[in-house]
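Single-structure report; data block below.
Read-outs throughout are calculated quantities, based only on the coordinates presented, and are distinct from any laboratory measurement. Everything numeric in this text was worked out from a predicted model, so none of it was measured. Here Cβ is always computed from backbone atoms with ideal geometry, including for glycine, and neighbour counts include all displayed protein chains.
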Amino acid sequence: MTEIERHEYDVLVIGAGGAGLRAAIEARERGLRVAVVCKSLFGKAHTVMAEGGCAAAMGNVNDNDSWQVHFRDTMRGGKFLNNWRMAELHAKEAPDRVWELETYGALFDRTSDGRISQRHFGGHTYPRLAHVGDRTGLELLRTMQQRIVALQQDDHAETGDYEARLRVFAECTVTELLTGPSDDPARPGAVAGALGYWRESGRLVLFSAPAVVLATGGIGKSFQVTSNSWEYTGDGHALALRAGAELIDMEFVQFHPTGMVWPPSVKGILVTEGVRGDGGVLKNSDGKRFMFDYVPDVFKGQYAQSEDEADRWYDDQENNRRTPDLLPRDEVARAINTEVKEGRGSPHGGVYLDIASRMPADEIKRRLPSMYHQFKELADVDITAEPMEVGPTCHYVMGGIHVDPDTGQSRVPGLFAAGECAGGMHGSNRLGGNSLSDLLVFGRRAGLGAADYVAGLDHRPDVRPADVDVAAQMTLAPFDPPSARPGGADGADGAGENPYTLHAELQRMMNDLVGIIRTESEMRDAQVRLGELRTRVRQVFVEGHRQYNPGWHLALDLRNLLMVSEAVASSALLRTESRGGHTREDHPGLDAEWRHRVLVTRLARAGESDDGSDAPADPVLPQVVVEPAERVPMREDLLALFDLSELEKYYTDAELTAHPGHPA
Ligand code: FAD
């Protein structure tokens, strides 16, 4: 039997980005014993990469801003698919969460009269992003790490042990969640803990905890061109599915319009929207500012129609309309795609993003220090002297674990989720800056939800030894020769499949077939290819030992990547309309009948698998099923925040009868 290190906590937080740390702080402040586990180094999470800022309607730069305006912008950005309760909580609570960070020690950039400064960003009516140059995420995470250390110091003063109530397990990857018996009358199938491994030693670790918060971030590594780094393999999404939770909105994947396309050393790396917020403009190979040609009907009247007006807007927002360079990301990404396709792209398949000709070099370096250094050092591109070549890069997943908006709890008792791995908040398209505020608002709520849940328990579900054995076997399975596995057969060359080859094939296929523009035939093709990959992923074989073995780590990630890719492809096939981060060439318009429907991904039950057999679910790679459900209609007072004429662009007539201005 494999030796397993064991720990027991009240709350296990998986992920140490902004959402995970904010959840951990909240649960610890409520007096619980909390473990934070992260796959990478502590302090290295996506949150650190966030450059533009954190959206909160503080009204510091324009006092017309309010939670209602932020709520409206968020719903419009998401094309009215957002979970409206989440969007409401987010808009109302974000300013307090930003202030709270300053009480932890953050220091945001200031206005001339000493208030937290706020910058423009796509889709936000007013300057709204609190920022620290272009290193906002770094400051956010650094501050929360500092808060965690402060809490550990309090614990040391009280107990003599820094880690008495809050411990960080860095470079430790969770591979499986463990649940209690499904016939527990009080909480069937409640979460009981998780199994993982130390990246360095390969030793297995078991965490027993009655509440688990998933905060594992995104799925970017399913795609070939992405701004995401190696950790974003959809682990939380897949862990939740396997534990019995549901995912929603998985067809909505955000392709950020401005990833670098050249030189190769920086391909996919993000150029923050802050570049356009601060005056940078998009141009095609004819030198034309083409975004004026791409303002869609639903946004007509809200964006400048001439370059002069757009340029005046930077200094006078009251009397001018914003530049269409700052349309929501999905619109800009599609516009770039069209320019390139129609032959007006840059030499390497992108378009130009020009800030060099728009302001003095010193000003660019002062406002966008990371952008300047990143491109100078990694690619020898001087953004103060020449335009960048940019194009869409897979950036963010709007879809995620279906949670209760107020508590963050999934349908599995005790299993919570927050941040990018949770779904609903951003609808079909996230506005820039709304993720950092999402992490703070819903990270705190999930920590609170978990603490309340634990406080209400009369007994903790036991981790069952048999489940631990199965989870351990699956984690170590890639070391077994495929021919030795139950029902196994060798890979093509008789030696099993190579995880790197499979990953590259998956990424290329997702980019080519399920990327920014989709068609039915391509997605059916993708499903066939995913089926083939599924068979091959079962045959993945790695050599060597458990000590720091990246091939093994990737072999385990592949299971998750495959499951989330299946969820994305199947959802994208079903949604026969184009909206936000889902564009169907064969169904180009919005369809009001799809607005009120949500696509839910869950595990297949017996009899629902591809072969129709009643065989129990495959524990290694259980199949997923996607099916539509009705969205909860928006509360009337929130609906009334929008003009009927605007809602008519999105809603069916029947739905609009709930609007107070409706004549019926
Ligand atoms: P992350 O910060 O992604 O953290 C996930 C954590 O989970 C990590 O600690 C990881 O190690 C851990 N983890 C994952 N799987 C496992 C596992 N199996 N076991 C253990 N641990 C695991 N948003 C904005 O609002 N404003 C911006 O300006 C902005 N700029 C961005 C720039 C870039 C380049 C990128 C990539 C994103 C940007 N975003 C921005 C988006 C935003 O940064 C992310 O959506 C957000 O930080 C996600 O936070 P999170 O807490 O959900 O997860």
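According to a simple spin-label model (label point 7 Å from Cα along Cα-to-Cβ), what is the distance in nm between His545 and Leu641?
Placing both labels 7 Å along Cα→Cβ, they lie 5.8 nm apart.
Normalised by the residues of the chain, what does the relative contact order come to in percent, with Cα pairs under 8 Å and at least six apart?
19
For His582, list long-range residues whose amide hydrogen, built 1.01 Å from N in the peptide plane, is under 5 Å from its own amide hydrogen.
none
Of Ala417, Leu431, Gly456, which is farthest on the positive side of the dipole of the stretch 392-510, counting Cα position, with +1 on Lys and Arg Cβ, -1 on Asp and Glu Cβ, and the Cα centre as origin?
With unit charges placed on the Cβ atoms, the residue in question is Leu431.
How would Asp315, Asp65 line up from fewest to most surrounding beta-carbon atoms within 10 angstrom?
With the fewest neighbours first, Asp315, Asp65 line up as Asp315, Asp65.
To the nearest 20 Debye, how big is the dipole of the chain about its Cα centre, given +1 on the beta carbon of each Lys and Arg and -1 on that of each Asp and Glu?
540
On a 0 to 90° scale, report how tilted helix 465-476 is relative to the longest principal axis of the chain, with both axes built from alpha carbons and the result rounded to the nearest 10.
With rounding to tens, the tilt is 60 degrees.
Which shape class, rounded, prolate or oblate, goes with the stretch 181-239 when its Cα gyration tensor gives a ≥ b ≥ c as root eigenvalues, a/c under 1.5 marks rounded, and past that a/b bigger than b/c marks prolate?
oblate
Using modelled amide H (1.01 Å from N, peptide plane; none on Pro or chain starts), what sits under 5 Å from the amide H of Glu8, excluding residues fewer than 5 places away?
Ser208
Dipole size in debye (nearest 20) for the stretch 89-181 around its Cα centre, Lys and Arg Cβ +1, Asp and Glu Cβ -1?
I would put it at about 500 debye.
Among Tyr104, Tyr372, Tyr9, Tyr396, what is the fewest-to-most ranking by other Cβ atoms within 10 Å?
Listing Tyr104, Tyr372, Tyr9, Tyr396 from fewest to most nearby Cβ atoms yields Tyr104, Tyr372, Tyr9, Tyr396.
Going down the table (Lys44/Lys365; Lys300/Lys341; Lys92/Lys365; Lys221/Lys283), which pairs top 26 Å between alpha carbons?
Violating the 26 Å limit, Cα to Cα: Lys92/Lys365; Lys221/Lys283.
Over the alpha-carbon set of the stretch 439-549, divide Rg by the Kirkwood Rh and report the Rg/Rh ratio to two decimals.
1.14
Exposure proxy check: Asp557, Asp653 ranked by fewest other beta carbons within 10 Å?
Listing Asp557, Asp653 from fewest to most nearby Cβ atoms yields Asp653, Asp557.
May I ask which residue of Ser201, Ala629, Gly17 lies farthest towards the positive end of the charge dipole of the chain, with charges of +1 (Lys, Arg) and -1 (Asp, Glu) on Cβ and the Cα centre as origin?
Final value for the positive-end residue is Ser201.
Of Ala50, Ala640, Val253, which is farthest towards the positive pole of the chain's charge dipole, taken about the Cα centre with +1 and -1 on the beta-carbons of Lys, Arg and Asp, Glu respectively?
Ala50
Multiply the residue separation of Glu309 and Thr535 by 0.36 nm, subtract the distance between their alpha-carbon atoms, and state the gained length in nm to one decimal.
Extending this stretch completely gives an extra 75.7 nm.
Expressed as a whole number of Å, what is the distance separating the alpha-carbon centroids of the stretch 35-100 and the stretch 123-202?
19
With angles folded into 0 to 90 degrees, how steeply does helix 550-574 sit against the dominant principal axis of the chain? Use alpha carbons for both and round to 10.
Rounded to the nearest ten degrees, it is 60.
Helix 520-537: angle to the longest alpha-carbon principal axis of the chain, degrees 0 to 90, nearest 10?
Value to nearest ten degrees: 30.
Using the Cα atoms of the chain, I'd like the radius of gyration and the largest Cα-Cα distance, Dmax, both in angstrom.
Reported Rg and Dmax, both Å: 24.2, 73.
Residue by residue, what Karplus-based ³J(HN,Hα) values in Hz, rounded to whole numbers, does the stretch 658-664 have, using 6.51, -1.76 and 1.60 with θ = phi - 60° and x for Gly and Pro?
Whole-Hz 3J(HN,Hα) from phi for the stretch 658-664: 6, 6, x, x, 6, x, 5.
What does the C-alpha gyration tensor say about the overall shape of the stretch 288-398? Classify as rounded when a/c is under 1.5, otherwise prolate if a/b is larger than b/c, or oblate.
oblate
Output the direction-averaged projected area (hull surface divided by four) of the convex hull of the alpha-carbon atoms of the stretch 134-215, in nm².
In nm², the orientation-averaged hull projection of the stretch 134-215 is 8.1.
Round to the nearest 0.05 the FRET efficiency obtained for Asp586 and Ala157 when R0 = 45 Å and r is the Cβ-Cβ distance.
Given R0 = 45 Å and the Cβ-Cβ separation, E is 0.10.
Can you give the Rg to Rh ratio of the stretch 341-382, both from alpha-carbon atoms, with Rh computed by the Kirkwood formula?
1.07
What number does the stretch 50-131 give for Rg over Rh if you use C-alpha atoms and the Kirkwood radius?
0.97
For Thr175, enumerate residues with amide H under 5 Å from its amide H, sequence gap 5+ or separate chain, H modeled in the peptide plane.
Leu195, Gly196, Tyr197
With θ set to phi - 60° and the Karplus curve 6.51 cos²θ - 1.76 cosθ + 1.60, what are the ³J(HN,Hα) couplings of the stretch 50-60 in order, to the nearest whole Hz, using x for Gly and Pro?
5, 9, x, x, 10, 7, 7, 7, 8, x, 6
Counting only helical runs of four or more DSSP H residues, what would the 222 nm mean residue ellipticity of the chain come to if each run contributes -39,500 (n - 2.57) and the total is spread over all its residues?
-10500 deg cm²/dmol
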